[in-house]
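Participant: Can you keep this structure in mind? I'll have questions shortly.
The values are calculated or read from the model by the stated rules, or taken from the named source; none is laboratory data. Predicted, not measured: the structure shown is a model, and the values here were computed from it. Note that each Cβ is placed from the backbone with ideal geometry, even for glycine, and that neighbours are counted across all protein chains shown.
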Amino acid sequence: MPDPAPAPAVDVAVVGGGVVGCACAWAARAAGLSVALFEARRVGAGATAAAMGHLVVIDEDPAELALARLSMALWADWDGWAAVEHAAAGTLWIAETEAQARAAQVKRARLEAAGWPAQWLDAAALRAAEPRLAPDLAGALRVSRDEIAYGPGLARRLADDLRAAGGRVEEMAPVARLADDGLEMADGRRVAAGHVLLAAGNDSPRLWRGPAPLPVRPRKGQLAITDRHPGWIRHALVELGYVDSAHGQEAESVAFNAQPRATGQVLLGSSRRFDDASPAVDAALLARMVRRARRFLPAVGELQLLRCWTGQRPATPDGRPIIGRVPGTPGPAAQWVATGHEGLGLTTAMGTARLWLDLLLGRTPAIDPAPYAPDRLLEPAP
Ligand SMILES: Cc1cc2nc3c(=O)[nH]c(=O)nc-3n(C[C@H](O)[C@H](O)[C@H](O)COP(=O)(O)OP(=O)(O)OC[C@H]3O[C@@H](n4cnc5c(N)ncnc54)[C@H](O)[C@@H]3O)c2cc1C
């Protein structure tokens, strides 16, 4: 058999068609670069397909806050935004106790300082905003500009926009290896590129060519969705302890998180578990999630759970994504990475794309790139 013909050379070759790869590829094309994106399965089939779709500005880490703020502004500016499933439902960060209510004021101050409005609702105002919540809750912080979106829809629309703008999107096209001058495809083709971006989520460590292992580790999450009850809840409801669950490195954790979907269904989350590669749903864990949900929404047990699924978040040791130039790679293709977005990749994909492209084009970065730089996590292999 003759060797397959080489694919045409491009300015940028992107590996991975999740929301992060799609946002980066779309942004590069919008900046006038020729772009080819390669996805081993279908666009949005990885962690992006499993996500809850909460576009939420998290404030505990200033770097995460800066990236999320940038990203939310870019989502809203994107031409495709009007066409994708999304709702400006806002978030209610729920305080169970007076101590949590006091802590929420710190959160409110941080969000407001970042230009992201947040309003304290006392117990009575909370009941009026969400009558199905338990009556003994202390109050909640309402963050009205957070959104709910459909993750795979975001990725697909970005890929469609990329195609429409003359970019190439190849699905069912696994990349076998990153090479000095571009990519080697599993079907034997070679793709010459000026820049290669590794955005393969949890598969990134396997393809990575940096000087030390890439510390991205799958963190399993489990979600469940009910039958349709339009208006049953109105906001994304999250317990204030959620961030401890997300930022902690515990082997397993559960935090209450519920969302009204555009279909009228109620989406319930969420769990976090390391070292469980199986896609199987864990019934005991599901029971724990539902128990936690009933603490906040006592009548949730009356709804039918229609589907339960799992996905793997690409997690890093410090909870921040890895965005930037891969050190120590010889070239001529410049090697870049954008991965490790854990449970916030839908929120931060657009900001990631902007930051990466600023670095690639030598522009002044929109935000400080240092907190996301790959070198911070690269320790020499023993
Ligand atoms: C249960 C759960 C709930 C979540 N909830 C939220 C939420 O509410 N809000 C939020 O912001 N985020 C949420 N997330 C996180 C979010 O889903 C991820 O951070 C985000 O999807 C990561 O996107 P990605 O493009 O980096 O990875 P992925 O979506 O995994 O994409 C990587 C892609 O690379 C492809 N690939 C792998 N190897 C190759 C190869 N060799 N060649 C070509 N392609 C390859 C894969 O097929 C995959 O499609 C959640 C995640 C989970 C699991």
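Participant: For segment 86-103, indicate whether the set of residues that are without any contact (Cβ under 8 Å) to a residue 40 or more places away in the chain, within 14 Å of Asp146 (Cα to Cα) and within 20 Å of the chain's Cα centre (by Cα) is non-empty. Give the derivation first.
Facilitator: Within segment 86-103, the subset without any contact (Cβ under 8 Å) to a residue 40 or more places away in the chain is 99, 101-102.
Within this subset, residues satisfying the condition of being within 14 Å of Asp146 (Cα to Cα) are none.
No, segment 86-103 contains no residue that is without any contact (Cβ under 8 Å) to a residue 40 or more places away in the chain, within 14 Å of Asp146 (Cα to Cα) and within 20 Å of the chain's Cα centre (by Cα).
Participant: Right, something else. Can you name every residue in segment 73-90 that is aliphatic (A, V, I, L, M), in contact with a helix residue (DSSP H, G or I) (Cβ under 7 Å, 6 or more places away or on another chain) and in a helix (DSSP H, G or I)?
Facilitator: Scanning segment 73-90 gives Leu74, Ala83.
Participant: Scan Arg363, Arg354 and give me the residue that is more than 21 Å from Ala49 (Cα to Cα), more than 12 Å from the ligand (Cβ to nearest atom), in a helix (DSSP H, G or I) and among the charged types (D, E, K, R).
Facilitator: Testing whether each residue is more than 21 Å from Ala49 (Cα to Cα), more than 12 Å from the ligand (Cβ to nearest atom), in a helix (DSSP H, G or I) and among the charged types (D, E, K, R) leaves just Arg354.
Participant: If you don't mind, another one. Kindly check whether there is at least one residue in segment 77-92 that is crowded, with 24+ Cβ neighbours inside 10 Å and of a type in the set (Phe, Trp, Tyr). Even if it seems obvious, please write down each step before you answer.
Facilitator: Looking only at segment 77-92, we keep the residues that are crowded, with 24+ Cβ neighbours inside 10 Å, and these are 91-92.
With of a type in the set (Phe, Trp, Tyr) added as a condition, the list becomes none.
Within segment 77-92, not a single residue is crowded, with 24+ Cβ neighbours inside 10 Å and of a type in the set (Phe, Trp, Tyr).
Participant: Oh, and also: Identify the residue in segment 129-184 that is loosely packed, with under 15 Cβ neighbours inside 10 Å and within 20 Å of Ala262 (Cα to Cα) and, among all such residues, is farthest from the chain's Cα centre (by Cα).
Facilitator: Pro131
Participant: I've got another one for you. Do we have any residue at all in segment 300-314 that's within 20 Å of Ala95 (Cα to Cα) and of a type in the set (Val, Ile, Thr)? Full working, then the answer.
Facilitator: Step one: list which residues in segment 300-314 are within 20 Å of Ala95 (Cα to Cα), which gives 300.
Pick out the ones that are also of a type in the set (Val, Ile, Thr) and you get 300.
Yes, segment 300-314 has at least one match.
Participant: If you check Val281 against the conditions, is it touching a residue at least 12 places away in the same chain (Cβ under 8 Å), of a type in the set (Val, Ile, Thr), surrounded by fewer than 22 Cβ atoms within 10 Å (Cβ to Cβ) and part of a helix (DSSP H, G or I)?
Facilitator: Values: touching a residue at least 12 places away in the same chain (Cβ under 8 Å): yes; of a type in the set (Val, Ile, Thr): yes; surrounded by fewer than 22 Cβ atoms within 10 Å (Cβ to Cβ): yes; part of a helix (DSSP H, G or I): no.
Answer is no for this residue.
Participant: Taking only segment 22-66 into account, find how many residues are away from the ligand (no atom under 15 Å from the Cβ), assigned to a loop (DSSP other than H, G, I, E, B) and buried (at least 22 other Cβ atoms within 10 Å of the Cβ).
Facilitator: 0
Participant: Where the second residue is more than 10 Å from the ligand (Cβ to nearest atom) and at pLDDT below 95 and the first is closer than 21 Å to Ala258 by Cα and lies in segment 46-64, which pairs have Cβ atoms under 7 Å and are six or more apart or on separate chains?
Facilitator: Ile58/Val243; Glu60/Val243; Glu60/His247
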